[in-house]
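**Q** Take this structure first; my questions come after.
The values are calculated or read from the model by the stated rules, or taken from the named source; none is laboratory data. The structure displayed is predicted, hence computed values, not measured ones. Because the Cβ atoms are built from the backbone with ideal geometry, glycine has one as well, and the counts that use them run over all protein chains shown.
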Amino acid sequence: MLTDEQLMLDFQRGSKEAFTELFARYREPIYGYFRRRLADAARAEELAQETFLAVLRAVTRYEPRALFRTYLYGIALLQLAAERRRSAHREASLDLTTADPPAAGDTEGEVAVRQALQKLGPDEREVLMLREYEQLSYAEIAALHRVPINTVRSRLFRARLALKELLVSPRAAKGVV
C-alpha cells in the first residue's frame, strides 16, 4: 500500500487515481474535523470539499516536508479560521457553543463530554480535539499550530485535567463517583 506522501507525489505527476485514493482515505476524517467544530452539518460538508479543492489547486506547490496528513489538516485549520472570520461578520457563531442539540443516539456521556469541551479555553480545546478525535501526533499538532512540542504537551495536560474536573465535579455533586 502506498503512503499518503507517495500518493500525493503520484497525483502531482498526473495520477487521478492517486487523488481518488487520498480523498477516500481522508473524506470522513476531514468532514468529522469540521463537524465537531461547526453547528451546521451542511457547512461542515462544504468546508471539507473546499479543503480538498485547495489540495487540488495547490498540487504543483506540494512538497513532502511533513506528513500529508499534517499538510491536509493545516489546510482544514485555515479553512476553519476563515469560516470563523466570515461568521463573525454575520454575527452567527459557528463554534461549539452553538452546537446542535444532542442527537437521538447520543449517550449521556457523549453529551457530558461535548458540554465539558465547550467550557475549555480555545487553545486547550483545539489541542485536545486534534489529539483525541483526529489522532494527530504531538509533532503534527505542534507543526499545525507553529508551537514547540512542549507547548502542545502542556496544553494537552491542562486540557485533560480541566476536562476531568468538569466531568467529575457534576457527578460528585450528585453523589455519583
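**Q** If you go through region 1-13, how many residues are aliphatic (A, V, I, L, M) and part of a loop (DSSP other than H, G, I, E, B)?
**A** Total meeting the criteria: 2.
**Q** Among the residues of region 26-37, is any closer than 30 Å to residue 116 by Cα and of a type in the set (Gly, Ala, Ser)? Working first, answer last.
**A** Restricting attention to region 26-37, the residues satisfying the condition of being closer than 30 Å to residue 116 by Cα are 26-37.
So of that shortlist, the ones also of a type in the set (Gly, Ala, Ser) come out as 32.
Yes: region 26-37 contains one or more residues that are closer than 30 Å to residue 116 by Cα and of a type in the set (Gly, Ala, Ser).
**Q** Filter region 1-39 for residues that are buried (at least 16 other Cβ atoms within 10 Å of the Cβ) and of a type in the set (Gly, Ala, Ser) and give the result.
**A** 18, 39, listed by residue number.
**Q** Restricting the search to region 14-29, which residues are part of a helix (DSSP H, G or I) and of a type outside the set (Lys, Arg)? Outline the logic, then answer.
**A** As a first pass, look at region 14-29 and keep what is part of a helix (DSSP H, G or I): 16-29.
The answer is 17, 18, 19, 20, 21, 22, 23, 24, 26, 28, 29.
**Q** Also: Identify the residue in region 60-86 that is of a type in the set (A, V, I, L, M) and surrounded by fewer than 16 Cβ atoms within 10 Å (Cβ to Cβ) and, among all such residues, is nearest to residue 143 (Cα to Cα). Steps first, please.
**A** Looking only at region 60-86, we keep the residues that are of a type in the set (A, V, I, L, M), and these are 66-67, 72, 75-78, 80-82.
If we keep only those that are surrounded by fewer than 16 Cβ atoms within 10 Å (Cβ to Cβ) too, we end up with 66, 78, 81-82.
On the way: 66: 9, 78: 13, 81: 16, 82: 19 Å.
The selected residue is 66.
**Q** Can I ask one more? Could you check region 115-133 and list, in sequence order, the residues that are within 10 Å of the chain's Cα centre (by Cα) and of a type in the set (A, V, I, L, M, F, W, C)? Spell out the reasoning first.
**A** As a first pass, look at region 115-133 and keep what is within 10 Å of the chain's Cα centre (by Cα): 126-133.
Correct list: 127, 128, 129, 130.
**Q** Okay, moving on. Could you check region 30-122 for helices (runs of 4 or more DSSP H) lying wholly inside it with 1 or more residues that are over 27 Å from residue 156 (Cβ atoms) and modelled with pLDDT under 85? Full working, then the answer.
**A** On the way: elements: 41-57, 68-90, 108-119.
Where helices (runs of 4 or more DSSP H) fall fully within region 30-122 and carry at least 1 residues being over 27 Å from residue 156 (Cβ atoms) and modelled with pLDDT under 85, they are 68-90.
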